[in-house]
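**Q** Structure incoming, see below.
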Amino acid sequence: MKSKKANWLFLTIILVHIAVVYLIFMIRDRIEFNMITNCLVSEGIIIVPAILFLLPMKSRFNEALGFRKIKISTFFMIILFTVLIMPLVTVLNAFSMFFAENAVASMHGDILGISFPVMWLLIGVYGPFCEEFVFRGVLYSSYKKTGRMLGAVLLSSLAFGLMHMNFNQAIYAFGIGIFLSMLVEVTGSLWSSAFCHMIFNSSSVCMMYFSDWLMNTFYGGGLADAQEISNEELMAAMSIYLIIAAVTTPIAVCVLAWMAKNEGRVENVRSFRTQREEQGEYLISIPFIVAAVLCLGYMNLEFIL
């Protein structure tokens with residue numbers, strides 16, 4: 001898929017998202033939507049258009065998107081890599097909370113009202129697979145065909161962040177997106193970013209249910225009843241995680257380098273320095289700009305409404 005067509009796909013996803021949100025708003029009094037429906041619909045919004053865009057392609061999905069095997073040793077290093085980037089993601093999340101509501105925390109009550117196995121499958125497995133299929137599998141692989149490797153990483157990560165449609169998740173999703181794109185590049189497989197994303201989301205779901213159990217057991221109130229964290233507490237937490245991230249993030253980069261060597265893709269990493277641009281191919285086009293403006297406008301509604 002050409003980069004311009006990938007940008008049209010991104011615009012289509014954003015337009016479908018806005019249309020579905022408007023439709024749900026119009027019928028909210030007649031049909032009740034719970035977290036299960038919300039998860040299924042929100043991920044369907046991104047993966048269905050992607051599949052429709054891919055159907056005319058002659059090559060098979062696994063070949064086009066990079067569903068290739070990885071070594072078992074690489075898989076275990078992906079687990080370590082995921083743990084190592086968590087402090088930095090926490091810092092980005094905390095930073096965004098100074099001016100935006102924690103989008104996940106605001107849904108604690110709805111999430112915890114559903115059984116753990118169901119929410120784990122939806123948030124920990126289904127969601128990451130759909131998002132990696134689209135943003136690393138389709139968009140990133142399309143963008144990097146232009147030869148602008150670093151630009152492909154940044155643009156696909158920006159699209160991934162904007163897709164969340166709120167400033168809180170957009171900021172840390174952009175950061176995660178960069179690491180996930182690099183993971184695909186050093187391993188040559190979309191499974192690597194999917195596994196990393198699944199581990200990250202699954203740990204968040206487990207922590208949420210475990211924290212709720214602790215609060216119910218020892219404090220007599222669930223996680224949904226917890227008081228909002230103050231800016232002073234947020235700053236203190238962010239400072240601690242920033243120190244931890246200063247140690248773990250460089251190690252995560254070293255782990256990336258190890259995986260590149262383990263999978264025999266050192267030359268692919270070096271290609272970031274010697275980029276070859278295809279004549280006439282641009283990363284950013286009008287569809288992407290329109291989609292980005294729509295996303296930013298939608299996100300600003302959080303401060304208006």
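Laboratory data are not the source of any read-out in this text; all were calculated from the coordinates shown. This is a predicted model, so every value here is computed, not measured. FYI the Cβ positions are ideal-geometry reconstructions off the backbone, even for glycines, and counts take in every protein chain you see.
**Q** So what are the ³J(HN,Hα) numbers for segment 28-45, from phi and the Karplus equation (6.51, -1.76, 1.60; θ = phi - 60°), rounded to whole Hz, Gly and Pro as x?
**A** So the J values, rounded to whole Hz, are 4, 7, 9, 10, 9, 10, 9, 5, 5, 4, 4, 5, 4, 5, 4, 7, x, 4.
**Q** Can you give the helix-only mean residue ellipticity at 222 nm for the chain, where every DSSP H stretch with n ≥ 4 adds -39500 (n - 2.57) and the sum goes over all residues, rounded to the nearest 500 deg cm²/dmol?
**A** Roughly -23000 deg cm²/dmol at 222 nm, from the helical runs in the chain.
**Q** Among D29, D110, D212, rank each residue by its count of other Cβ atoms within 10 Å, from fewest to most, as a rough exposure measure.
**A** Listing D29, D110, D212 from fewest to most nearby Cβ atoms yields D29, D110, D212.
**Q** Which of L23, L294, L40 ends up with the largest GNM mean-square fluctuation for the chain, with Cα atoms connected below 10 Å?
**A** Maximum fluctuation in the GNM of the chain, among the listed residues, is at L23.
**Q** Give the whole-number value, in cubic angstrom per residue, of the convex hull volume spanned by the C-alpha atoms of segment 1-87.
**A** 170
**Q** When only alpha-carbon atoms are used, what values of Rg and Dmax, in angstrom, describe segment 68-195?
**A** That works out to 15.2, 47 Å for Rg and Dmax.
**Q** Treat segment 3-304 as a sphere of radius equal to its Kirkwood radius over Cα pairs and apply Stokes-Einstein at 4 °C in a medium of 1.567 mPa s; give the translational diffusion coefficient in µm²/s, rounded to a whole number.
**A** Taking Rh from Cα pairs, D becomes 64 µm²/s.
**Q** Order 141-148, 93-100, 127-134, 244-251 from most to least packed using the mean count of other Cβ atoms within 10 Å.
**A** My ranking of the peptides, most packed first, is 127-134, 141-148, 93-100, 244-251.
**Q** Using a Gaussian network model on the chain with a 10 Å cutoff between Cα atoms, which of M35, M182, M207 fluctuates the most?
**A** Taking springs between Cα atoms under 10 Å, the residue moving most is M207.
**Q** Among R68, R28, what is the fewest-to-most ranking by other Cβ atoms within 10 Å?
**A** Ordered from fewest to most neighbouring Cβ atoms within 10 Å, R68, R28 come out as R28, R68.
**Q** Taking N as the number of residues in segment 138-225, what is its Cα Rg relative to 2.2 N^0.38 Å?
**A** Computed over Cα atoms of segment 138-225, the ratio equals 1.41.
**Q** Additional query: Given Cα pairs under 8 Å that are at least 6 residues apart, what percent is the relative contact order of the chain?
**A** 32
**Q** Let me ask something additional. Who wins for biggest fluctuation among S285, S156, S73 in a Gaussian network model of the chain, springs between alpha carbons below 10 Å?
**A** Between S285, S156, S73, it is S73 that shows the largest mean-square fluctuation.
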